[in-house]
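Accompanying notes for the structure given below.
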Amino acid sequence: MVDLIGDIHGHADKLEEILAIMGYVKEGGVYQHPAKRKLVFLGDYIDRGPKIRETLQIVKAMCDAGHARAIMGNHEFNAICFHTKDKERGGFYRKHTVVEIDQHIETLRQFRNYTQEWEQVYLPWFHTLPLYLEEDDFRAVHACWDDAHINWLETNTIYEFIQSQKRISEQVLAQYAAKESPVYEVLEELLKGKEFDLPAGQEFVDKDGTTRKSARIKWFQPVEDRKLHKDVFLGIGEEFGDLVLDESIHAALHRYDADKSVFFGHYWLKGKPTDALAKSICLDYSVAKDGHLVAYRLDSKEFVIV
């Protein structure tokens, strides 16, 4: 019996609320379920929200006790890169410009008086988070499931990914930062999703105020529902959203055709989820932007929303 929870982003109160609704109780300081249900967290535990440290305490304690599993989100990977020095080129594997600092600032503030805990407990734990999970009855990834990327990870054991409980090596971080290896594309797309370069003149301003000439792909949108640009591109402006999708673009976009259900977060969707029987189900409904924290009960195929 498995429950899955989408992006939390430091909203520990919402997390405790949804755990209580699903019947999890706190015993010995750790949430667990009387019926031995297990949780899967889909990444992005940090940044943005008001109780990041408390969120990490809840999630990690459940994982340590065997009541949950947690996969890596792009914010955890970004934190690894932000705090790991690049010994070859100087600086860090993630830049420390205003943009990167702004994305990470709430975590930095909330751990200001707990730097030892951050550096010795949570950052090392991030290294142990798997990039994906595959079980008999479901798959889980933070942003995008791509069989080619999964196969690449499973056949390139030189890269010390966490499937074997090893740290993400500095070799991996160096190649990721330099964009000189397939590891860059694999990590970018599993953790941040696939993007498509928009036709000339169709740039748009995203939720953070950045002008973008490429858009994240709704790879999880069923092929039969891909009619207009807004059906397949996230965040694209209204003036371009209603344009009919060109057949060449339609053919080039990634799609998910497997029978096994896949669960993911990352996309800051609005409203509430409705299709509990879909094969690809997003559980990120913008809790950090006045939206909802969303869970899914695998056995009963139903959403839990707070």
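The values are calculated or read from the model by the stated rules, or taken from the named source; none is laboratory data. In this text, all values refer to a predicted model and were calculated from it rather than measured experimentally. Every residue, glycine among them, receives a Cβ derived from its backbone with ideal geometry; neighbour counts consider all protein chains shown. Heads up: the accessible areas ignore ligands, DNA and RNA and are worked out on the full protein's heavy atoms, side chains in. Shrake-Rupley method; radii C 1.70, N 1.55, O 1.52, S 1.80 Å.
Structure values in brief
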{"read-out": "Karplus 3J(HN,Hα) series, Hz, for the stretch 44-60 with 6.51 cos²θ - 1.76 cosθ + 1.60 (x for Gly, Pro)", "value": "6, 8, 10, 6, 6, x, x, 9, 6, 4, 5, 4, 4, 4, 5, 5, 5"}
{"read-out": "Sulfur and carbon atoms: percent of accessible area, the chain [1.4 Å]", "value": "47"}
{"read-out": "Accessible area per residue, Å², the chain with all protein chains present, probe 1.4 Å", "value": "48"}
{"read-out": "Pairs beyond 24 Å (Cα-Cα), from Lys87/Lys194; Lys51/Lys179; Lys38/Lys270; Lys87/Lys213; Lys227/Lys279; Lys51/Lys213", "value": "Lys87/Lys194; Lys51/Lys179; Lys38/Lys270; Lys87/Lys213; Lys51/Lys213"}
{"read-out": "Label-point separation in nm, Ser181 to Thr128, each point 7 Å along Cα→Cβ", "value": "2.3"}
{"read-out": "Cα-based shape type of the stretch 190-273, given that a ≥ b ≥ c are square roots of the gyration tensor eigenvalues and the cut on a/c is 1.5", "value": "oblate"}
{"read-out": "Cross-link reach list, lysines versus Lys85, counting only Cα pairs under 16 Å and skipping chain neighbours closer than eight places", "value": "Lys95"}
{"read-out": "Amide H contacts under 5 Å for Leu39, placed H, 5+ residues apart", "value": "Asp3, Ala68, Arg69"}
{"read-out": "Diffusion coefficient, µm² s⁻¹, Stokes-Einstein with Kirkwood Rh over alpha-carbon pairs of the stretch 1-156 at 25 °C and 0.890 mPa s", "value": "148"}
{"read-out": "Cα-Cα pairs of the stretch 71-165 separated by more than 23 Å (percent)", "value": "35"}
{"read-out": "Principal semi-axes in Å for the stretch 239-298 [√(5λ), Cα gyration tensor, largest first]", "value": "25, 18, 9"}
{"read-out": "For peptides 12-20, 139-147, sequence by mean Cβ density within 10 Å, most packed first", "value": "139-147, 12-20"}
